[in-house]
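The values are calculated or read from the model by the stated rules, or taken from the named source; none is laboratory data. Just so we're clear, the structure is a prediction, and the values are computed from it rather than from any experiment. Note that we place each Cβ from the backbone using ideal geometry, even for glycine, and neighbour counts take in every protein chain shown. To get the accessible areas, we keep the full protein, side chains included, count just its heavy atoms, and leave off ligands, DNA and RNA. Shrake-Rupley method; radii C 1.70, N 1.55, O 1.52, S 1.80 Å.
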Amino acid sequence: MPAVLGFEGSANKIGVGVVRDGEVLANPRRTYVTPPGTGFLPADTARHHRAVILDLLQEALTEAGVTSQDVDCIAYTKGPGMGAPLASVAVVARTVAQLWNKPLLGVNHCIGHIEMGRLITGATSPTVLYVSGGNTQVIAYSEHRYRIFGETIDIAVGNCLDRFARVLKISNDPSPGYNIEQMAKRGTKLIELPYTVKGMDVSFSGILSFIEDMAQRMLATGDCTPEDLCFSLQETVFAMLVEITERAMAHCGSQEALIVGGVGCNMRLQEMMGTMCQERGAQLYATDERFCIDNGAMIAQAGWEMFQAGHRTPLSESGITQRYRTDEVEVTWRD
């Protein structure tokens, strides 16, 4: 019964998880929160991660009730993500692996989300909508690869939401996306915004530029409220995502859809995806914020699958890469 320790720190979340044979034994996490109207810089984020990671490691081991002797493998996020945070976490993972004399595994962050979603929901072979601050992709598994059927051609949907939150000075605590979701529930007026779907791909930079340019003017003249803007932005970008997911499901003949990534815990997105799946006679799978948002257990779970399939990362290849596409990884642990 292998137990895998997973380190995640590709953006402003830092997490350490322990997974043993499909059971999440521990999954503590910390978030680097910046003031309203600001984002998080790589150097500051890495500094935050370095300050808390050893405490998180001890917390995870204590919560899981395991010691270093019980851990069979150390997994860490190799990429994609922000360079400085990734590197700071990778250093700790390499050090722990050498101190404990354990094999090391570099995990693709995106595949961590997918494998965690499959584990928690029980979805067998879903079409995956992966939506986060750094990535937006529609994915399906075929012939030992997670194939990307559609993606953003510029910024991720989570980045679009985060940057819009800065325009309105919306709090980053617990996250800008969550606070936009709550404000959108009170919105009553749908404002027409650019809707950009290009085949199987989407674009969010235009809608962001448009809403950044007109937001303060519309608010000043009383044409709308901040809640209306949040509502309109959510409805528009989520409709774009539902459209390309449905098209991928039709192409693949899929009867399952799985939402993963931090934006995936948005209940309005889940509702819109659920309506689409119901109309198709398909099943929607999603998780809550424990597993949607970046966490160590998802890296541990993907690491567990890779470990069982015989994967190992030599120390000489245990660096990080900010650009690491989902379809670069050979998925040998699935049929």
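Taking region 53-92, which residues are closer than 23 Å to residue 113 by Cα, assigned to a helix (DSSP H, G or I) and not hydrophobic (A, V, I, L, M, F, W, C)?
Result: 59, 63, 83, 85, 88.
Any residue in region 101-117 that is open to solvent by 10 Å² or more (accessible area, probe 1.4 Å), part of a helix (DSSP H, G or I) and of a type in the set (Asp, Glu)?
Checked against the condition, which is being open to solvent by 10 Å² or more (accessible area, probe 1.4 Å), part of a helix (DSSP H, G or I) and of a type in the set (Asp, Glu), region 101-117 yields no hits at all.
Looking only at region 91-115, which residues are out of contact with any Cys (no Cβ under 9 Å at 6 or more places or on another chain) and within 21 Å of residue 330 (Cβ to Cβ)? Can you show your working first?
Initially, region 91-115 is screened for residues out of contact with any Cys (no Cβ under 9 Å at 6 or more places or on another chain), giving 91-96, 98-101, 106-112, 114-115.
Passing the criteria: 106, 107, 108, 109, 110, 111, 112, 114, 115.
Can you tell me which of (1) under 17 Å from the mean Cα position of the chain (by Cα); (2) surrounded by 23 or more Cβ atoms within 10 Å (Cβ to Cβ); (3) of a type in the set (A, V, I, L, M, F, W, C) is the one residue 180 doesn't meet?
(1)
Scan (1) in contact (Cβ under 8 Å) with a residue 60 or more places away in the chain; (2) farther than 26 Å from residue 129 by Cα for the single condition residue 220 breaks and write down its number.
Failed condition: (1).
Among the residues of region 188-197, are any within 30 Å of residue 31 (Cα to Cα), in contact with a helix residue (DSSP H, G or I) (Cβ under 9 Å, 6 or more places away or on another chain) and open to solvent by 20 Å² or more (accessible area, probe 1.4 Å)? Working first, answer last.
Narrowing region 188-197 to residues within 30 Å of residue 31 (Cα to Cα): none.
Checked against the condition, which is being within 30 Å of residue 31 (Cα to Cα), in contact with a helix residue (DSSP H, G or I) (Cβ under 9 Å, 6 or more places away or on another chain) and open to solvent by 20 Å² or more (accessible area, probe 1.4 Å), region 188-197 yields no hits at all.
Which residues, taken from region 150-164, are surrounded by fewer than 23 Cβ atoms within 10 Å (Cβ to Cβ) and over 18 Å from residue 130 (Cα atoms)?
163
Residue 95 - would you say it is assigned to a helix (DSSP H, G or I), hydroxyl-bearing (Ser, Thr, Tyr), open to solvent by 10 Å² or more (accessible area, probe 1.4 Å) and farther than 18 Å from residue 295 by Cα?
Working: assigned to a helix (DSSP H, G or I): yes; hydroxyl-bearing (Ser, Thr, Tyr): yes; open to solvent by 10 Å² or more (accessible area, probe 1.4 Å): yes; farther than 18 Å from residue 295 by Cα: yes.
For residue 95, the condition - assigned to a helix (DSSP H, G or I), hydroxyl-bearing (Ser, Thr, Tyr), open to solvent by 10 Å² or more (accessible area, probe 1.4 Å) and farther than 18 Å from residue 295 by Cα - is met.
Take residue 75 and decide whether it is on the phi < 0 side of the Ramachandran plot, among the aliphatic types (A, V, I, L, M), touching a helix residue (DSSP H, G or I) at 6+ places or on another chain (Cβ under 6 Å) and surrounded by fewer than 17 Cβ atoms within 10 Å (Cβ to Cβ).
Numbers: on the phi < 0 side of the Ramachandran plot: yes; among the aliphatic types (A, V, I, L, M): yes; touching a helix residue (DSSP H, G or I) at 6+ places or on another chain (Cβ under 6 Å): yes; surrounded by fewer than 17 Cβ atoms within 10 Å (Cβ to Cβ): no.
So residue 75 fails the test.
Going by the structure shown, is residue 50 part of a strand (DSSP E or B), open to solvent by 60 Å² or more (accessible area, probe 1.4 Å) and modelled with pLDDT of 95 or more? If you could, list the steps in order and put the result at the bottom.
Details: part of a strand (DSSP E or B): no; open to solvent by 60 Å² or more (accessible area, probe 1.4 Å): yes; modelled with pLDDT of 95 or more: yes.
Taking the combined requirement at face value, the residue does not satisfy it.
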